[in-house]
Amino acid sequence: MTADLEPAPTAGAAGADPLPRLGDDDLKLLLTIRHFERKLLDLFGQGALNGTTHTCLGQEYVPVALRTLLEPRDFVFSNHRGHGHYLARYEDPAGLLAEIMGREGAVCRGVGGSQHILRDRYLSTGVQGQSLPVAVGMAIHLRRREPGALACAYIGDGTWGEGAVYEALNMAALWRLPLLVVVEHNGVAQSTPTTAQMAGTIAGRAAAFGVEHHRVGTADVAAIRRELAPRVARVRAGDGPLVAEFATHRVGPHSKGDDTRPPGVIREAEEADWYRRYAAAHPEHHSRWDAVARDLVERVAADVAARPPSDWDAPCA
Amino acid sequence: MRVAENLNRALHGLLESDPRVHVLGEDIADPYGGAFKITKGLSTRFPDRVLPTPLSEGAIVGAAAGLALGGEAAIAEIMFGDFAALAFDQLVNFAAKSVSMYGRPVPLPMIVRCPMGGRRGYGPTHSQSLQKHFVGVPGLDLYETSPFHDAGALLPDVLARAVPAVLFEDKVLYAQRMFEDGAVDDLFAFDLVGDGPGVARVYVDDPEVFDCVLIAPGGMAERALGAMRRLLLEQEIVCALLVPARLHPFDVEAPLPTLERAGVVCVAEEGTAGGTWGAEVAHRIHERLWAGLRRPVRLIHSADSVVPTAGHLEERVLVQESTIFEAVVEAVRD
Ligand SMILES: Cc1ncc(C[n+]2csc(CCOP(=O)(O)OP(=O)(O)O)c2C)c(N)n1
């Protein structure tokens, strides 16, 4: 197992490289996620949503790029910032919005909400780091029953503060499990910059366990797939886990209206945003699909908002 | 047969009969076979499904849940149940939540085995009875090993329910013998009431004739029986003893016919004072039977204290046979 010891600064990462033209499918999906997330912030602003939510604005390309590398037999573990992960797997904005709004047709009847979703081989939980040990168990199961399938877990950089991550990495490396850890390193955890909460690097931590690490420094979907395809194939083949660290940017707030980062940092994230850069590089392609995605999300939102509340055979107090 | 052997045989049986079953834990592989030897022989016979793990209680329980989520079944051993504290998140926020928080029941057949209790001089961090900390978590069932309940029947039954479960095992009980065929000793007989593993009911001659009903988990049964013998011979107080295999949710219905006849009920456990399992049991009984009780259910538990290492100090803190004896005399004569 090789380890990439290169440090992973976020600044400038996935922000300067040119973005080649995308396939229509990928672009439509990216834009659908973007408009879905914007719509959520909108709905929150109007007081139409209960509780909280974490949007993946700026990070949409991560699950979209991974979409073709993951197979239906793979089990995906998502986290609090999981709408993009879900939509890239199922293209089901109505089911997800219904879940978040507690309306009929909700994926989990409105019990789980934004960060607790289970559908087929997709599960998200709201406790940081908790999913990695579970993914280890799932990887043991998959290796036994469906060799070639993998467990994939999305985590953020801040989650590397949790001990569960290391217990699981250790086991996954010891037992050479088919586990793909996708790290969305957006340089911040809620309000705390990575520099104030992480000593060393993710690459160094992976290396300590003898776990292969690969840093992705681009938002170019095709390039990401090229880089990761052989590495993911090795995970499937039984070579052990892979930590794929995406240097990315959180363009929006942590949840809603709670972005306390200095203006310079926010500006930098906005400048690196794939959305803006793609629009500049491919204005016609962008605007055509942007309108389609915006319209799709508007229609879904109107439809879901008009539905009756979701039902659950809840025990009553 | 000793309780330890009964458990060990049950695990062999599970691995043999159910190809989904995996066993995970620290130092569980042969030739060591686990800190309390409960997993002896398993790794030799089933090397693929018996996974000796690093010292990682959280990930052991998390991996067990992942296996169960994938359609397997898992038994996780926490070497000393005290360390279940390190798996609290996986149990409470993952396993117990996952069976219900996704809007539909998700089966998670998994059992976390926790050797508990004192009287072996292991000191404050290796002698506790942490049952009470897990009481009342929706989606988490609690069981306790008992000399009346065959683990060979209990474990498959718990897995079949597919609700994440913790099985507490009193460490001293391991070396005691199982009671079989309805006989305890020259004085006491027992039967099992209720569905599934049920509630063991121990009585003198007639299960319906007694002055007091004692309720105790498996680990307390021996001390309860000792107290009952003395109560009968020295005080002519007749007690019936109820030992539930499942501590929580406590099934008050199964032993209801017995409880309905009881003017006096005492609940004994080794856990320390405050927020006890017994308080929950008492509440359930009060709800159903308040009018028929002569007095509120009497709680018997260890002192509000750490569990000391030195034998004479530990004895002061933990519930003894004499603690039960005195409490029952007081409750009955009151
Ligand atoms: C165990 C735990 N601690 C704290 C939180 C509260 N919390 C939610 S998200 C978050 C920050 C996570 O940061 P990171 O892993 O970098 O992911 P990001 O939010 O940047 O996507 C925190 C502290 C939590 N959900 N779980």
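The values are calculated or read from the model by the stated rules, or taken from the named source; none is laboratory data. Quick caveat: nothing in here was measured; it's all calculated off a predicted structure. Here Cβ is always computed from backbone atoms with ideal geometry, including for glycine, and neighbour counts include all displayed protein chains. Side chains included, ligands, DNA and RNA excluded: accessible areas come from the protein's heavy atoms. Shrake-Rupley method; radii C 1.70, N 1.55, O 1.52, S 1.80 Å.
Quick notes on this structure:
- Peptide B:55-61 shows a mean partner chain C-beta count of 6 within 10 Å per residue C-beta.
- The fraction of accessible area contributed by carbon and sulfur in the stretch B:238-323 is 51 percent, rounded to a whole number (1.4 Å probe; ligands and nucleic acids excluded).
- Highest average packing first - B:29-35, B:162-168, Cβ atoms within 10 Å: B:162-168, B:29-35
- The stretch A:299-313 versus the stretch A:45-95: alpha-carbon centroid distance in Å: 19
- Extension gain, B:D186 to B:R261, is 24.5 nm, computed as 0.36 nm per intervening residue step minus the present C-alpha separation.
- Each Lys or Arg adds one and each Asp or Glu takes one away; over the other residues whose Cβ falls under 15 Å from the Cβ of B:E287, this sums to -2.
- Computed over chain A, the alpha-carbon pair-distance distribution with 10 angstrom bins reads 6, 28, 36, 24, 7, 0, each value a whole percent.
- Computed from the C-beta positions of A:A222 and B:T125, the FRET efficiency with R₀ = 45 Å rounds to 0.25.
- Pairwise label distance in nanometres, A:A237 with B:M1, each label 7 Å out on the Cα-Cβ vector: 4.9
- Measure of compaction for the stretch B:189-333 (Cα Rg per 2.2 N^0.38 Å): 0.99
- Modelled label positions at B:V306 and A:A280, each set 7 Å beyond Cα in the direction of Cβ, lie 6.2 nm from each other.
- Pairs with C-alpha atoms separated by more than 27 Å, drawn from the list B:K40/B:K132; B:K132/B:K171; B:K97/B:K132, are B:K40/B:K132.
- Computed over the protein assembly as shown, the per-residue total of -39500 (n - 2.57) for DSSP H runs of n ≥ 4 gives a 222 nm mean residue ellipticity of -11000 deg cm²/dmol, rounded to 500.
- Relative protection proxy for A:239-252, A:15-28, B:200-213, B:47-60, from highest mean packing down: A:239-252, B:47-60, B:200-213, A:15-28 (other beta-carbon atoms within 10 angstrom).
- Placing +1 on the Cβ of every Lys and Arg and -1 on the Cβ of every Asp and Glu, with no other charges, gives the stretch B:3-175 a dipole of roughly 160 debye about its Cα centre.
- Remark: mean inter-chain Cβ contacts per residue of B:68-81 equal 3, using a 10 Å Cβ-Cβ cutoff to other protein chain atoms.
- For chain B, size of Cβ-based charge dipole, Lys and Arg +1, Asp and Glu -1, in debye: 600
- Counts of other chain beta carbons within 10 angstrom of each beta carbon in peptide A:139-145 average 6.
- In chain A, Cα pairs under 8 Å separated by at least six residues give a relative contact order of 28 percent.
- Inter-centroid distance (Cα atoms) of the stretch A:229-287 relative to the stretch B:63-133, Å: 37
- Using a 1.4 Å probe over protein heavy atoms, the accessible area lost on pairing B with A, summed over both chains, comes to approximately 2400 Å².
- Square roots of five times the Cα gyration tensor eigenvalues for the protein assembly as shown, Å: 54, 26, 20
- DSSP beta bridges fully contained in the stretch B:3-175 are about 0 percent antiparallel.
- Per-atom-type breakdown for the stretch B:3-175 gives carbon and sulfur 59% of the accessible area (1.4 Å probe, protein chains only).
- Cα-projected label distance for B:R316 with B:N93, points at 7 Å along beta-carbon direction, nm: 3.9
- Each residue was assigned an accessible area with a 1.4 Å probe, and for B:M110 the value is about 0 Å².
- For the stretch B:3-175, relative contact order (Cα pairs under 8 Å, six or more residues apart, normalised by length) works out to 24 percent.
- FRET efficiency, 1/(1 + (r/R0)^6) with R0 45 Å, evaluated for B:K37 and A:E298 via beta carbons: 0.10
- Taken per residue, the accessible surface of the protein assembly as shown reaches 37 Å², heavy atoms only and a 1.4 Å probe.
- Among beta bridges from DSSP that stay inside chain B, the antiparallel ones total about 30%.
- Beta bridges by DSSP in the protein assembly as shown, antiparallel share as percent, to the nearest 5: 25
- For a straight C-alpha distance cut-off of 14 angstrom, the aspartates and glutamates reachable from A:K39 (same-chain residues fewer than eight places away being disregarded) are A:D290, A:D295, A:E298, A:D303.
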